[in-house]
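Just so it is clear, none of the values below were taken in a lab; they were calculated from the coordinates. Because the structure is a prediction, the values reported are computed rather than measured. Because the Cβ atoms are built from the backbone with ideal geometry, glycine has one as well, and the counts that use them run over all protein chains shown.
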Amino acid sequence: MNQLSIEITLLNIYTRESCRTLSAIVYGHKESIEIKVIPKGSLTFENQPVQGAEQRFTYRYDDEVIEELVDIKYFTLNSLSFYGLIKPLGEYSVATQTEVIPKIASIDYSRQFINERICTDSSKKIPVNFHSLTWSLLRASASTAWLCIDIEIYENSSECYQLDTYGDISQSKKTLQYLVENINLHQISELYPSANTILSLHLLLLNHLYIHTTHLQTLANS
């Protein structure tokens, strides 16, 4: 495998109906995220006609639901372009796509493709944060490759999807990296008011949390 379709893979991940569960055993406890994508059809964002897809995140600690979040991504097709999203807790993300997402890309190629401006006001004119998204394509084996989406913000994170020669997803992993300097329990409770305190502390103190599943394709097609 020397090349892969980036556009089709991103469409499958972010815009088409799917359900997948990512989990890990960390210090003897099971931590998991269930991610559901639900297409919403034709919508309007920033006074432009777009398509929308809802993402539902269900966080569990030892199979107990501790938090549920919903956001809506806005995009257009032909060619694929992302415009932004509405995040939980009243945040808006307005995206500027810095280059066209390629239909085909070569192994060991990477590009930054989105800059996002995070706002909390309904006019979306007062930014409170910025971050960028970069995709990269890395060889996993002779017949598979990893497509990774790196998100640069206060805490860096990445989502990686192992793809076969047909572009089907065989497994995935999510990496979260948190800054933990000068953190205390009061700050944790402010950052995660609806989460279990033990899990919040646990996640914040980990330099890296790897979450993976070897049954992603089955879950995505269920």
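List, in the order given, every pair from Lys40/Lys125; Lys125/Lys174; Lys30/Lys173 whose Cα-Cα distance in the structure shown is over 21 Å. Please list the in-between numbers first.
On the way: Lys40/Lys125 25 Å; Lys125/Lys174 31 Å; Lys30/Lys173 15 Å.
Listed pairs above 21 Å: Lys40/Lys125; Lys125/Lys174.
On the Cα set of the range 26-113, report Rg and Dmax in Å, please.
When restricted to the Cα atoms of the range 26-113, Rg and Dmax are 16.5, 49 Å.
Aspartates and glutamates within cross-link reach of Lys36: Cα-Cα under 16 Å, excluding same-chain residues under 8 positions apart?
Partners found: Glu17, Glu54, Glu67, Glu68, Asp71, Glu159.
Charges only on Cβ, +1 for Lys and Arg, -1 for Asp and Glu: so what's the dipole of the range 42-147 about the Cα centre, in debye to the nearest 20? Could you put the intermediate results ahead of the total?
Working: 10 positive and 13 negative charges, 109 e Å.
Dipole of the range 42-147, to the nearest 20 debye: 520 debye.
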